[in-house]
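Undergrad: The structure under discussion is supplied below as structure tokens; questions concerning it will follow.
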């Protein structure tokens, strides 16, 4: 029996689960939802969405009980406490950026507990020509590297897929925004016409100088805790990254 951890968010994440199971032959999956504290809607929505997923998979895979993950202090340290510092340094600041990595990171200790099970995510390089700052080729690559640093494989089976491809996997009965949670900060980086506005050079520096080092620092803190080292506050960990320590 081969187990994988599935990131449950929106429609793409369910399509990724189906694609990964059919490509890699996983026989058991643990669906997980990462909570941030900024959700809008019924937090049971992902649970309802598991029913059609079970119908699609049929007898191909066993779906374990949905697990909810959350670390409010970590989310705050990554996205709130140092927002001004990050904005001044990189010329770009959106809670969507580190929030997406936060969601990946929460699965790392779960993977360790489950013998190094890989994590399946539904990220895509493009969304029908729409830019999503939380899902760019640069940030996806960096997230893969961060989890690899923690000895966890981050699978991206639909990374190059279009919306039509997603519909082909799930069927047209699964609405694009159906059965998923919203977010208080949704589209915060878009202008009045809906275009994403950000400093491209600053974004690249943010990924290289904060996003990826910060992800490794979080994993280092968890590893040290396993070895009996007193656990620092997340504010201290993130501040250390910003100070180059």
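Undergrad: Report, by residue number, each residue of the stretch 19-37 that is surrounded by 12 or more Cβ atoms within 10 Å (Cβ to Cβ) and farther than 22 Å from residue 110 by Cα.
TA: The answer is 22, and nothing else.
Undergrad: Under 6 Å between Cβ atoms, which residue pairs at least 6 apart in sequence (or on different chains) link something in the stretch 184-195 that is outside any loop (DSSP other than H, G, I, E, B) with a partner that is modelled with pLDDT under 80?
TA: Final answer for the pair search is 190/196.
Undergrad: Further question: Out of curiosity, is residue 108 out of contact with any strand residue (DSSP E or B) (no Cβ under 6 Å at 6 or more places or on another chain) and in a loop (DSSP other than H, G, I, E, B)? Spell out the reasoning first.
TA: Numbers: out of contact with any strand residue (DSSP E or B) (no Cβ under 6 Å at 6 or more places or on another chain): yes; in a loop (DSSP other than H, G, I, E, B): no.
Judged against the criteria, residue 108 is not a match.
Undergrad: Follow-up. Just to check your reading of the model, which residue among 142, 121, 148 is closer than 24 Å to residue 74 by Cα, at pLDDT 90 or above and loosely packed, with under 14 Cβ neighbours inside 10 Å?
TA: Details: 142 fails: loosely packed, with under 14 Cβ neighbours inside 10 Å; 121 fails: loosely packed, with under 14 Cβ neighbours inside 10 Å.
Step by step, each of 142, 121, 148 is checked, and only 148 is closer than 24 Å to residue 74 by Cα, at pLDDT 90 or above and loosely packed, with under 14 Cβ neighbours inside 10 Å.
Undergrad: Hey, can you tell me all the residues within the stretch 120-151 that are within 21 Å of residue 166 (Cα to Cα), part of a loop (DSSP other than H, G, I, E, B) and out of contact with any strand residue (DSSP E or B) (no Cβ under 8 Å at 6 or more places or on another chain)?
TA: 126, 128, 129, 134, 136
Undergrad: Go through 52, 46 for me and flag whichever is closer than 21 Å to residue 117 by Cβ and more than 14 Å from the chain's Cα centre (by Cα). So that I can check it myself, show each step before the final result.
TA: Values: 52 fails: closer than 21 Å to residue 117 by Cβ.
Of 52, 46, the one residue that is closer than 21 Å to residue 117 by Cβ and more than 14 Å from the chain's Cα centre (by Cα) is 46.
Undergrad: From the list 81, 55, 89, pick out the single residue that is at pLDDT below 95 and not in a helix (DSSP H, G or I).
TA: 81
Undergrad: Let me ask something else about it. Which members of the stretch 10-47 meet the condition of being under 14 Å from residue 68 (Cα atoms) and at pLDDT below 85?
TA: Of all residues in the stretch 10-47, those under 14 Å from residue 68 (Cα atoms) come to 30-37, 39, 42-47.
Those that are under 14 Å from residue 68 (Cα atoms) and at pLDDT below 85: 37, 39, 42, 43, 44, 45, 46, 47.
Undergrad: Determine which single condition residue 211 fails, assuming it passes every other condition in (1) at pLDDT 90 or above; (2) within 30 Å of residue 241 (Cβ to Cβ); (3) assigned to a loop (DSSP other than H, G, I, E, B).
TA: (3)
Undergrad: Moving to a separate point now. Looking at the structure I just gave you, is residue 160 on the phi < 0 side of the Ramachandran plot, crowded, with 18+ Cβ neighbours inside 10 Å and not in a helix (DSSP H, G or I)? Write out each step before concluding.
TA: Details: on the phi < 0 side of the Ramachandran plot: yes; crowded, with 18+ Cβ neighbours inside 10 Å: no; not in a helix (DSSP H, G or I): yes.
No, not satisfied.
Undergrad: Considering every residue within the stretch 167-182, establish whether at least one is crowded, with 16+ Cβ neighbours inside 10 Å and under 17 Å from the mean Cα position of the chain (by Cα).
TA: yes
Undergrad: Please indicate, with yes or no, whether at least one residue in the stretch 29-40 is touching a strand residue (DSSP E or B) at 6+ places or on another chain (Cβ under 8 Å), in a helix (DSSP H, G or I) and over 17 Å from residue 180 (Cα atoms).
TA: We begin by selecting, within the stretch 29-40, every residue touching a strand residue (DSSP E or B) at 6+ places or on another chain (Cβ under 8 Å); these are 29-40.
Imposing the further condition that a residue be in a helix (DSSP H, G or I) reduces the set to none.
No, because not a single residue in the stretch 29-40 is touching a strand residue (DSSP E or B) at 6+ places or on another chain (Cβ under 8 Å), in a helix (DSSP H, G or I) and over 17 Å from residue 180 (Cα atoms).
Undergrad: Right, here's the next one. Give 216, 223, 239, 205 a once-over and let me know the one that is in a helix (DSSP H, G or I) and at pLDDT below 95. Working first, answer last.
TA: Numbers: 216 fails: at pLDDT below 95; 223 fails: at pLDDT below 95; 239 fails: at pLDDT below 95.
None of the others qualify; the one that does is 205.
Undergrad: Tally up the residues in the stretch 115-134 that are under 20 Å from residue 18 (Cα atoms) and in contact with a helix residue (DSSP H, G or I) (Cβ under 8 Å, 6 or more places away or on another chain), please.
TA: Number of matching residues: 10.
Undergrad: Same structure again: Being modelled with pLDDT under 85 and over 21 Å from residue 104 (Cα atoms) is the requirement here; does residue 168 meet it?
TA: Numbers: modelled with pLDDT under 85: no; over 21 Å from residue 104 (Cα atoms): yes.
So residue 168 fails the test.
The values are calculated or read from the model by the stated rules, or taken from the named source; none is laboratory data. None of the values given here were measured: they were computed from a predicted structure. Cβ atoms come from the backbone with ideal geometry, glycine included; neighbour counts cover every protein chain shown.
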